[in-house]
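Read the structure below first, then the notes.
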Amino acid sequence: MTCFLMENPRAVFIHIPKTAGTSVQAMWGTHPVRRCFGHIPTDWMDAPKFSIVRDPKARFLSAVRMFKYGSTGRTGTGEKPRMPKLTIDQALDIAQDARIAFDRTQRFHKANLKHHLLPQTHPFNCLHLADHIFRQETLSRDLAALDLPGLKPLPHLRLSTEESADLQLSERQLSRLEWIFAKDYKQLGYALDGKVVSDVSLKPPTAPDIWSKWPAFFSDETIRVDRADDALPAPDVDLEPFEQDVILGVPKSTWPGRSANLVDHFQKLMPEFVGQTRLAHLAACCIVVIRRKGDTGTALPLFRRIINDHTDVVLSDMSSRWLTSVSDTLADWGDSDVQKALGLCGSMLSNSVKLAETERMIYAIPRPWPPAARHGRNGTMYDGVISFWQENGDMIDNQLDRVANSLELDTLGGKVLIEITCRILQNDTFFRRMSALAGEPQVPLVSPKARERLQRIAHKWL
């Protein structure tokens, strides 16, 4: 669902996909002033709000037909076939797949189709906020109830490019469709044959939604750092829905970029948190704002609430990248000197491992694991520092004991430091590799002849 703020005349069009939305917008002759998803901003609530519903089966087939064959009409998305091999069963699978995002935060084809197939009565569609609900089957007649002067006649703009016998539902497919859209049939008053048998009777949502609590994120607003507070929820927002909401979609690797538009930046970070709670993503977004603007009055208090009240949830859902960022933030903005010091420890530890592994990636020759031979003896490396004594050295155990004891100094700072250490030990890092070798006999040295040959090669090429 996309809520459109229309002007001249002013109205809010609660657009449910495949219910004549393109045609209705054309009645204004201009593009919407603003868009938002899953909620209606408070400054729009004074305008008349209307929506359109449709027989669930006809709407489902219209969406499948558009994605499979394309459509005609106004220039825009949906005119070219996006999923030409789409079948009825595949569309029903996508409609039922709880792992696919529907809220417009991801725009790959399956997510777009899921958005179009979302039941009309789903809270995201905001149908319960409409002052007027019309039926597409009688739209030309019903729109007169809006009483908005100056609108153009209703056109019929977006038509499927072809009809096809392969979009006929079998009995089995029809049963699946009826089950998926059972609430639409019951609350919107449609019979299974598409006839209207009763008035619309909606049940208001019972669970708190996430979309109205973070309105900027679910909108098309451009918010730069001078309005950073507007990009985040209020500092006293109820965090329970964020903890309960798991981010859907396709996970992606770390996004290393930077966007001047904070909303765009937040949305590009989100694929890193797919499968995790939205609370962890929100904490990361707070860190972005703190990095750019410091204590804005919203970002830092909200970050502290999240990290103090939901420590275990957030730390377990964050990658090492973001755990390091939490440590950086505690080092800069911790509640006490001890917390700042522990934040610095976590940051130094994580970034030291990052530098060591980066150097190995750039310069080191790949080695077998476990090592079959060593190239040098134990001894002084630099400025009096001697190498780790593999057979009897207790440096690693001592370090881990000190990390564990940090909990006694500051609970939050200690937990962050421990989580970073655990991630370093869980992954293929020099810390884990050396821990695995501790207490084991030394592997034999490379022969003098082989060492001499390696030195000649190094002298020639390095």
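The values are calculated or read from the model by the stated rules, or taken from the named source; none is laboratory data. Just so you know, these numbers come straight off a predicted model, no measurement behind them. Every residue, glycine among them, receives a Cβ derived from its backbone with ideal geometry; neighbour counts consider all protein chains shown. Quick note on the areas: whole protein, heavy atoms, side chains included, nothing else; ligands and nucleic acids left out. Shrake-Rupley method; radii C 1.70, N 1.55, O 1.52, S 1.80 Å.
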(request) Would you rank 432, 104 by solvent-accessible area, highest first, keeping every protein chain in place and using a 1.4 Å probe? (result) 432, 104
(message) Helix check for the chain. Which DSSP H runs span at least 18 Å along their own axis by Cα, with a mean Kyte-Doolittle hydropathy no less than 1.6?
(response) none
(message) Just to verify a number: FRET efficiency for residue 45 and residue 348, C-beta to C-beta distance, R0 = 56 Å, to 0.05?
(response) 0.65
(request) Using only Cα atoms, locate the centre of segment 23-39 and the centre of segment 239-313, then give the distance between them in Å, rounded to an integer. (result) 29
(message) Can you give me the C-alpha center-to-center distance between segment 175-193 and segment 79-121, rounded to a whole angstrom?
(response) 18
(request) Can you tell me the order of 254-263, 213-222 when each peptide is scored by its average per-residue count of other Cβ atoms within 10 angstrom, highest first? (result) 213-222, 254-263
(request) At a Cα cut-off below 17 Å, give the aspartates and glutamates reachable from residue 195, other chains included and same-chain residues fewer than 8 away excluded. (result) 55, 137, 142, 178, 184
(request) Could you order 44, 211 by accessible surface area, starting with the largest, using a probe radius of 1.4 Å? (result) 211, 44
(message) On a 1.4 Å probe surface of the protein chains, which of 198, 71 comes out largest in accessible area, and what is the full order?
(response) 198, 71
(request) Any chance you could run the full-extension gain for residue 364 through residue 401? It's 0.36 nm times the residue separation minus the Cα-Cα distance, nm to one decimal. (result) 10.3 nm
(message) Please give the charge dipole size of segment 238-328, origin at the Cα centre, charges +1 on K and R Cβ atoms and -1 on D and E Cβ atoms. Round to the nearest 20 debye.
(response) 500
(message) With Cα extents along the principal axes in Å as the read-out, I listed (1) 92, 51, 39; (2) 85, 59, 39; (3) 157, 57, 40; which label goes with the value calculated from this structure?
(response) (1)
(request) Check cross-link reach from residue 449 to the lysines: straight Cα distance under 21 Å, and skip same-chain residues fewer than eight apart. (result) 460
(message) Give me the extension gain from residue 338 to residue 90: residue separation times 0.36 nm, minus the current Cα-Cα distance, reported in nm with one decimal.
(response) 83.7 nm
(message) As a test of the formula, what do you get for the chain when each DSSP H run with n ≥ 4 contributes -39,500 (n - 2.57) and the sum is divided by the residue count, at 222 nm and rounded to the nearest 500 deg cm²/dmol?
(response) -13000 deg cm²/dmol
(message) In Å and on Cα atoms, what radius of gyration and Dmax does segment 174-272 show?
(response) 19.4, 55
(request) Rounded to whole Å and sorted largest first, list the principal axis extents of the Cα atoms in segment 4-88. (result) 44, 25, 18
(request) Using only alpha carbon pairs under 8 Å that are at least six residues apart, calculate the relative contact order of segment 208-320 and give it in whole percent. (result) 29
